[in-house]
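Colleague: If you scroll down you'll find the structure; I have some questions about it.
Read-outs: derived from the displayed coordinates by stated rules, not from any lab. Since this is a predicted model, take the numbers as computed values, not measurements. Neighbour counts run over all protein chains shown; Cβ positions are idealised from the backbone, glycine included.
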Amino acid sequence: MKILHVDDSKAMRMIVQRTVKMAGFSDLTFVEAENGRHGLEVLEAEKPDVILSDWNMPEMNGLEFLKKIREANNPITFGFITSESNPETRQEALDAGASFVITKPFTPEAFEQQLTPVFAQLS
Amino acid sequence: MFDRLMVEELVADVMSTMLQLDLHPTSATQQPANTELYLAHIAIEGHWQSDCYVFCPSQLAKRIAASMFQSEPNQLEPNEITDAMGELANILGGNLKGVLPGENHLSLPTVQTIGSDDLLDAKPDESDVSFECYQLPLTVRFRHPVECSPCPQ
């Protein structure tokens, strides 16, 4: 299973990937991008199975990134990992085509809860 | 809308949940004299406007970054410390924004280093919430949210 992880913070990319492994998902390959624009390039090159994306990024934010993906009719499973914690933002994410939103600070259990059904469906 | 207890709980939650760092609220607000500080800032904009600052001595910023990168403090590059402090401000700002009604968004975080002697006191519309971590002070300063009038289109 290949995951494209998009976040402008290298520190947060490390924390997320570490936490995903702590959640029990060990057999994963991560590819990374620093913002939505870079994410589109990596998506094309790497053909991941799932995208995990931050919301607030320079050049192209996570919402714009998701909308570009859906405009291209790509149904790839997309989840946000974001500090944007209010209900309106969550609904905006879901309306745009995200499957889930995990808010920071997060726990391994939050990833386990959201990713278990995703990976089961993709298997 | 933001109060000390909420900020204390939020910061403690972030630090313990994500970084496994133990910190304690303290009434002492002074940063050590003649010390380099890392100062991170993020703005909340939209229907409500506010600012959130996080600052601490470089020594503690390195510890925070080391925890994020699972590295040793003395092995970090300056941009990694900046990254870590910016992300800390991002998480705190995002959670503070979450309690505000209406449509609001976060700026991108900015991080700078300043001398502690150049740090200004909190303004009347700002509050400091201070903590101790590794016997070093970490302060979260927030500007009390202001409802914009008129709201930006």
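Colleague: Per-residue ellipticity at 222 nm for chain B, helices alone: DSSP H runs ≥ 4 residues times -39500 (n - 2.57), over residue total, nearest 500 deg cm²/dmol?
Modeller: -10500 deg cm²/dmol
Colleague: Quick one: 3J(HN,Hα) in Hz for the range A:72-89, Karplus 6.51/-1.76/1.60 with θ = phi - 60°, rounded, Gly and Pro as x.
Modeller: Using θ = phi - 60°, the values come out as 8, 6, 8, x, 3, 5, 10, x, 9, 10, 8, 7, 6, 10, 7, x, 5, 5 Hz.
Colleague: So how tilted is helix B:4-19 from the main axis of chain B? Cα-based, degrees 0 to 90, rounded to 10.
Modeller: 50 degrees
Colleague: Starting from the 7 Å offset along Cα-to-Cβ, what nm value, one decimal, do you get for the label separation of A:Glu46 and B:Leu5?
Modeller: Distance between label points: 4.4 nm.
Colleague: Okay, next question. So what is the 222 nm mean residue ellipticity for chain A from helices alone, if each DSSP H run of at least 4 adds -39500 (n - 2.57) and you divide by all residues, rounding to the nearest 500 deg cm²/dmol?
Modeller: Theoretical 222 nm ellipticity from helices: -15000 deg cm²/dmol.
Colleague: Still on this model: What's the extension gain from A:Met22 to A:Lys67 if we count 0.36 nm per residue and subtract their Cα-Cα distance?
Modeller: 13.2 nm
Colleague: Another question about this same structure. Can you work out the FRET efficiency for the pair B:His105 and A:Thr116, with r the C-beta to C-beta distance and R0 = 22 Å, to the nearest 0.05?
Modeller: It comes to 0.10.
Colleague: Next up: A:Thr82's amide H: which non-local residues (gap 5+, or another chain) put their own amide H closer than 5 Å, with H modeled 1.01 Å from N in plane and none for Pro or chain starts?
Modeller: Here A:Ile102, A:Thr103, A:Lys104 satisfy the definition.
Colleague: For the modelled label position 7 Å from the Cα of B:Asp13 along Cα-to-Cβ, which residues of the range B:51-73 have backbone nitrogen atoms closer than 15 Å?
Modeller: Counting only backbone N, you get no residues.
Colleague: Run the numbers on chain B and let me know its relative contact order in percent, using alpha-carbon pairs under 8 Å that are six or more apart.
Modeller: Once normalised by length, the contact order is 36 percent.
Colleague: Give me, ordered by chain and number, the residues 5 or more places off A:Thr77 or on other chains with an amide H under 5 Å from its own placed amide H.
Modeller: Amide H to amide H, under 5 Å and 5 or more residues apart or across chains, A:Thr77 pairs with A:Ile51.
Colleague: Still on this structure: Name the residues whose placed amide hydrogens come within less than 5 Å of the amide hydrogen of B:Thr35, ignoring near sequence neighbours (fewer than 5 apart) on the same chain.
Modeller: Close amide H contacts, sequence-distant or interchain: B:Ser116, B:Asp117.
Colleague: May I pose another question? Under 18 Å Cα to Cα from A:Lys2, which aspartates and glutamates show up? Leave out anything in the same chain fewer than 8 places away.
Modeller: A:Asp27, A:Glu32, A:Glu34, A:Glu41, A:Glu44, A:Glu46, A:Asp49, A:Asp54, A:Glu112
Colleague: Then there is this: Among A:Asn74, A:Leu28, A:Ala45, pick out the residue whose Cα is farthest towards the positive end of the charge dipole of chain A, where Lys and Arg carry +1 and Asp and Glu carry -1 on C-beta, about the Cα centre.
Modeller: Ranked along the dipole, the leading option is A:Leu28.
Colleague: Please work out the C-alpha center-to-center distance from the range B:7-55 to the range A:48-123 and express it in whole Å.
Modeller: For the range B:7-55 versus the range A:48-123, the Cα centre distance is 27 Å.
Colleague: Estimate the FRET efficiency between B:Asp128 and B:Glu45 by the formula 1/(1 + (r/R0)^6), using the beta-carbon distance for r and 25 Å for R0, to the nearest 0.05.
Modeller: Given R0 = 25 Å and the Cβ-Cβ separation, E is 0.70.
Colleague: Rounded, prolate or oblate: pick one for the range B:31-153, where a ≥ b ≥ c are the square roots of the eigenvalues of its C-alpha gyration tensor, a/c under 1.5 means rounded, and failing that, prolate if a/b is larger than b/c, else oblate.
Modeller: Here the range B:31-153 falls in the prolate category.
Colleague: From the alpha carbon gyration tensor of the range B:3-61, can you work out the equivalent ellipsoid semi-axes (sqrt of 5 times each eigenvalue) and give them in Å, largest to smallest?
Modeller: Largest first, the range B:3-61 gives 21, 17, 12 Å.
Colleague: Through the Karplus equation 6.51 cos²θ - 1.76 cosθ + 1.60, θ set to phi - 60°, convert the phi angles of the range B:91-100 into ³J(HN,Hα) values in whole Hz; use x for Gly and Pro.
Modeller: Result, rounded to whole Hz: 5, 5, x, x, 6, 5, 4, x, 8, 8.
Colleague: Please find the FRET efficiency linking A:Glu88 to B:Asn34, where r is the Cβ-Cβ separation and R0 is fixed at 35 Å, and quote it to the nearest 0.05.
Modeller: Here the calculated transfer efficiency is 0.20.
Colleague: Could you give me the ³J(HN,Hα) list for the range B:68-85, computed from phi with Karplus coefficients 6.51, -1.76, 1.60 and θ = phi - 60°, whole Hz, x at Gly and Pro?
Modeller: Using θ = phi - 60°, the values come out as 5, 8, 6, 10, 8, x, 7, 9, 8, 7, x, 5, 6, 5, 4, 4, 5, 5 Hz.
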